[in-house]
1. Take each of the peptides 86-97, 195-206, average the number of other beta-carbon atoms within 10 Å over its residues, and list them starting from the highest.
2. What nm distance separates the two modelled labels at Val143 and Asp101, each placed 7 Å from Cα along Cα→Cβ?
3. Do the alpha carbons of any pairs in Lys230/Lys348; Lys217/Lys319; Lys198/Lys372; Lys208/Lys319; Lys208/Lys372; Lys319/Lys384 sit beyond 22 Å of each other, and which pairs?
4. What are the ³J(HN,Hα) values, in whole Hz, obtained from phi via the Karplus relation 6.51 cos²θ - 1.76 cosθ + 1.60 with θ = phi - 60°, for each residue of segment 284-293 in sequence order, with x given for Gly and Pro?
5. When the Karplus curve 6.51 cos²θ - 1.76 cosθ + 1.60 is applied with θ = phi - 60°, which whole-Hz ³J(HN,Hα) does each residue of segment 141-151 get, with x for Gly and Pro?
6. With θ taken as phi - 60° and the coefficients 6.51, -1.76 and 1.60, list the Karplus ³J(HN,Hα) couplings across segment 93-102 in order, rounded to whole Hz; mark glycine and proline as x.
7. If amide hydrogens are placed 1.01 Å from N in the peptide plane, which non-local residues have theirs closer than 5 Å to the one on Thr396?
8. What are the residues whose amide H is under 5 Å from the amide H of Glu164, where those residues sit 5 or more places off or on another chain and H is modelled from the backbone?
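No lab work stands behind these numbers, since they all come straight from the coordinates. Just so it is clear, the model here is predicted, and its values are computed rather than measured. Glycine also receives a Cβ, built like all others from the backbone with ideal geometry; neighbour counts cover every protein chain displayed.
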Amino acid sequence: MRSFYCQKFIFIALLSFGLLFSSACGEEEQAKGGAKLDLVVMEVSEEPELVYEEEEEEVLEEAEDEGGVPMPVAASVAASVFPGLSSTAYAAGYCRSTANDTPVYTTSSLADRLGTIYALDEVYFFEIAPNASKPYAKVTYPVGTTRKTGYIHLSSLTLGNFGERIASAKASATVYRRPGEAVYGSIYVGDDVRAVAKVSGYVQVFYKAASGNRAWKIGYVTQAAYDLVKGMVVVSSWQYPMAGAYCTWKNPGNNMSWGSLEPSRSSRADKRDHHVAIDIAGSSADVVAAADGWVASVQRNNNSANGVYVVLSHSISNKTVYSFYAHLQLGSVPNNIAVGSRVDKGQKIGIMGTTAGTTSVGRHLHFSIADKADFAGYVGYVPKFSGDKVLYGNTTFYNPVFVIRNGKLP
Ligand SMILES: [Zn+2]
């Protein structure tokens with residue numbers, strides 16, 4: 001589970017979660033999109049070098065070619081390895097325990113006890129072996145005015161296997177020794193950052209430190225700060241994606257169409273009549289970004305169950321969410337709306353259309369907000385539910401009306 005920084009440098013790239021938002025609204029109610037998860041494993045090198053630049057670019061291209069939804073920051077598409085440590089280059093950080101009780105052993109077999117690392121001991125990590133029979137890290141730790149060398153169980157450092165790489169941080173962030181503890185350092189714009197584990201509102205990160213033997217540091221940033229580093233756009237201000245938006249099949253002000261029973265669709269055997277989006281039109285046919293964000297996915301042709309669509313990514317309430325704009329007019333998505341592009345709230349991303357079989361229910365925009373870019377299984381309608389959010393499959397859908405009005409998630 002921690003293979004991303006093993007000695008042999010296995011490079012794991014998760015990519016191309018090719019998800020087509022399955023049918024949204026209109027006639028096409030069956031899920032046509034499918035989740036596709038490609039796992040690419042490449043043995044790169046025996047030596048820990050920064051050798052994965054090319055691979056990551058290929059990965060991104062594949063993801064784009066297949067209409068997938070790579071992370072909004074190009075460089076963060078692939079999970080990646082932790083750069084190598086050596087007898088001279090180390091990463092500095094603290095063990096997980098907040099007590100003076102981290103055991104140190106004399107050898108990597110973790111059998112013979114050498115001593116104990118205290119909570120405030122800054123530890124240098126020279127070697128990390130996640131695939132050893134007992135995963136370990138070779139460390140030095142302060143004892144009096146010198147440092148002792150020993151081995152700790154890797155779980156004393158991290159429980160992580162997250163592995164996402166941000167080759168060039170998009171924002172600076174404060175790094176803490178441990179969640180809620182003292183400031184340990186800073187990530188600066190352009191730094192190479194690896195996310196390791198998520199811990200209750202924090203992300204454990206390895207990041208490139210000053211030059212010299214202290215090659216890296218290990219610490220924690222808040223989830224919100226991590227989103228900024230990653231290039232996510234933290235937003236609280238939202239607007240309807242159409243000027244003068246009104247529900248296409250209910251009176252305005254009636255909570256749009258979220259969760260309401262659609263006009264009778266008796267032919268549908270599973271009664272999935274409750275809508276996890278809003279179907280709207282507006283005083284202008286222009287469709288605009290509901291909030292600042294990044295383009296996560298674009299479908300310019302009319303081959304998907306959702307027709308022409310755009311997906312934007314945002315960070316709100318410490319979560320990454322995706323806003324989804326479906327059934328756009330063919331050819332209406334501007335060229336600057338490309339995967340990885342930054343968009344501003346109110347920026348035009350297309351024109352309301354009738355793609356994907358929506359002609360029978362009328363021209364409209366299908367607009368939803370969800371916590372996954374992977375909308376596999378999403379059909380636009382789910383069985384009866386109440387409230388302003390609903391879990392369907394593994395995706396949580398949020399009532400867009402609530403998000404727009406309150407600037408937070410329900
Ligand atoms: Zn809809």
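1. On the way: 86-97: 18.4, 195-206: 20.0.
Most protected by this proxy first, the peptides run 195-206, 86-97.
2. 2.2
3. Numbers: Lys230/Lys348 24 Å; Lys217/Lys319 25 Å; Lys198/Lys372 17 Å; Lys208/Lys319 25 Å; Lys208/Lys372 29 Å; Lys319/Lys384 25 Å.
Among Lys230/Lys348; Lys217/Lys319; Lys198/Lys372; Lys208/Lys319; Lys208/Lys372; Lys319/Lys384, the Cα-Cα distance tops 22 Å for Lys230/Lys348; Lys217/Lys319; Lys208/Lys319; Lys208/Lys372; Lys319/Lys384.
4. Coupling constants for segment 284-293: 10, 7, 5, 9, 10, 5, 6, 7, 4, x Hz.
5. Per residue, the Karplus-derived 3J(HN,Hα) values read 8, x, 9, x, 9, 10, 10, 9, 10, x, 9 Hz.
6. x, 10, 5, 5, 5, 8, 10, 8, 9, 7
7. Asp371, Lys372
8. Ser80, Ala195
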